[in-house]
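Let me begin by handing over the structure; questions about it come next.
The values are calculated or read from the model by the stated rules, or taken from the named source; none is laboratory data. Every value quoted in this text rests on a predicted model; they were computed, and no experiment measured them. Cβ placement follows ideal geometry from the backbone for every residue including glycine, while neighbour counts extend to all protein chains displayed. Side chains are part of the model used for accessible areas, which takes the heavy atoms of the whole protein and leaves out ligands, DNA and RNA. Shrake-Rupley method; radii C 1.70, N 1.55, O 1.52, S 1.80 Å.
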Amino acid sequence: MTTISPRTADGTGATRGAGGHDARAGGGTAAPPTAAAARDSDAATAPPHAGTATPTPHAGTATAPPHVQGTSPAEARSSGRFLARAALVTAVLSVAGSVLGLVRDQALARLFGAGGETDAFLVAWTVPEFAATLLIEDGLAFALVPMFSLALARRARGAAGDPVRALVASTLPRLALAFGAAGALVAVAAPVLVRALAPGLPDHALAVDCTRLTATCVVSFGLAGYCSAALRAHRRFLAPAAIYVAYNTGIIAVMFVLGGRWGVRAAAAGVAVGGVLMVAAQLPSLLRRLKRHEGERPSVVADEAARPLALALFATVLLFALCRQSQVLIERFLASGLHSGAISHLNYAQKVAQIPMTLSLMLCTVTFPVVARALADGDTERARDRVERDVALAACLVLLGAATVVACAPQIVQLLFQRGAFTAADTAATAGVMRVYALGLLGQTVVGALARSYFSAGRASWYPLGAMAVGVVATAVAGASAVGPWGVSGIAAANAAGITVTAALLLAGMGPRSVPVRVRRVLGDLGRVVPAAAVATGAGALAADGVAGAGAAVSLAVGAATVGGVFAVLCLALRVRGPGAVLRTVRPARSPSLSPRSVTQRHPHGRSRFRFPFRADR
């Protein structure tokens, strides 16, 4: 399965997901608005104590973090409510983006069907898929969120000048220039790129035209990803969560306005317009963050020592994201030699199957800055607990969604796409592929959750790239072997196998290279929820087939309800830890107590002794 991408209509960024994509969880009772919320148009604001500076302890002194030393129960509750509100805001807007993504895909299927013309556009869509993964969801986010978190910590403890503005001044111009150069290169090399991606594609010229239109997203996605990372590090989640609402709105509008005259090229033009709207949705909020300290001159000297480290970090995260997204290349290459519409069937199946992954990774998107700040403060225990709970909850959510997808795939595809040029034969083919894709959703989610942990310390790490490379090789070998006898289903199975291999390697490598999670505990959580999902899938499929004569809508409703009911009962019986993670996130924290480990342990990657009183994950 590929990562979260623009075509998945995710709102994570987020991928990227999904990428995804890249978990829409949240809830709890919202706390009364803080003073900061009253002054700011952002819906998700930092808790009142989020900007409090704490004196730096003397070197060698074992000092408890502020959340252990002096955080009152009221402050802890405020932080917990803040994280819950941020998750809820992200969930609502991400779901809205996913719904608009489905509307976009329905419009694409209705206007252009699943034939050679759509195949040509989807080959061109490889460009925004890669751009989203590299620049919005996995790449820039993994690199920039820890960098901004460290800069915010230095600003809070009174560093000279403004470290945040210095970081922007030293990175944004160079990155913008790189984005522009990369976009121009893609446009010029479009004929060679299309030939390499899909050598068997019938309409080569149409794919080249669409690729040149989508090349603009390299610039717009890069700027959008920069804004998203900076805002999330500032604990501002409203604008970043809204980017896929703006993006999909732009694509839908342009397709309907220009589709009659331009054909499928209108969808490519919509990608260009949607990318610009992603930047416009975030830029005002980011400018407000920076203007609050515009009276302080940036101290460029303070960032000079960090530049070599930043370059290495950018290299590792971008190569990891590029390697992960290369699964798309394998998929397109293998499918281009099959029957007309094969790429389209893979595309429609994948984007629907990835929705559960996109939803499951939403919480990881919200808590990534929390983990990064905890590691910057040297609090590995808090980071470990947060990552373990995130993986447990994300796995619970994605397996519930995967069970529903497998049990009710024909009904889902029929309701979403079977109209206009999309025929019943397309529905059957897409549903079969979608069921196979769903087998890799757990691996996709584990990779998305754990990859953030490897880069959350703001330090270059080559191990995730190696693990991803092994998974890509497994995908290529399995896909080449399976495409002959099984066609598109074999390609989907190869993707599921490859990403599962990567997930296993990332989990095995946790420890000194990353947040030191307890692998046996994570495996224990997964070992309870997987059987529950398998039983729920069978029960849901039987229930949906039993009322198939009542229509697709009724059959889907009965099947999904059965899957949800059986899954919930089994999770309670097996004491699955996922739902408990939500309750521990949103309910009031218990009175703080000193922990010898939290007082004395220092993470080897932590480069700041500043302790930040933010306890949203406890």
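When only the heavy atoms of the protein chains count and the probe is 1.4 Å, how do 110, 575, 104, 212 rank by accessible area, highest first?
Values: 110 135, 575 195, 104 5, 212 110 Å².
Ranked list, largest accessible area first: 575, 110, 212, 104.
Taking the Cα centre as origin and putting +1 on Lys and Arg beta-carbons and -1 on Asp and Glu beta-carbons, what dipole magnitude results for the stretch 373-474, to the nearest 20 debye?
100 debye
How big is D for the stretch 388-437, in µm² s⁻¹ as a whole number, if Stokes-Einstein is applied with the Kirkwood radius of its Cα pairs at 25 °C and 0.890 mPa s?
206 µm²/s
With every protein chain kept in place and ligands, DNA and RNA left out, what is the accessible area per residue of the stretch 356-454? Probe 1.4 Å, answer in Å².
Values: 1840 Å² over 99 residues.
Each residue of the stretch 356-454 exposes 19 Å² on average to a 1.4 Å probe.
Using label points projected 7 Å from each Cα along Cα→Cβ, tell me how many nm separate residue 257 and residue 178, to one decimal.
Placing both labels 7 Å along Cα→Cβ, they lie 3.3 nm apart.
Now for a separate question. Go through 462, 125 and list them by solvent-accessible area, largest first, probe radius 1.4 Å. Write down the numbers at each step before the final one.
Details: 462 145, 125 5 Å².
The ranking, largest first, comes out as 462, 125.
Still on this structure, I have one more. If Lys and Arg each add +1 and Asp and Glu each add -1, what is the summed charge of the other residues whose beta carbon sits under 14 Å from the beta carbon of residue 191?
Around residue 191, the charge tally is 0.
Between residue 508 and residue 340, what is the FRET efficiency for a Förster distance of 30 Å, r being their Cβ-Cβ separation, to the nearest 0.05? Could you put the intermediate results ahead of the total?
On the way: r = 42 Å, r/R0 = 1.40.
Given R0 = 30 Å and the Cβ-Cβ separation, E is 0.10.
Need the full-extension length gain, residue 110 to residue 315, defined as separation in residues times 0.36 nm minus the C-alpha distance. One decimal, nm. Mind dumping the intermediate values first?
Values: separation 205, 0.36 × 205 = 73.80 nm, distance 4.08 nm.
Contour length minus the Cα-Cα distance gives 69.7 nm.
Which whole-number percent is the relative contact order of the stretch 508-565 (Cα, under 8 Å, 6+ apart)? Don't skip to the end; give the middle numbers.
On the way: 35 pairs, mean separation 15.5, N = 58.
Relative contact order comes out at 27 percent.
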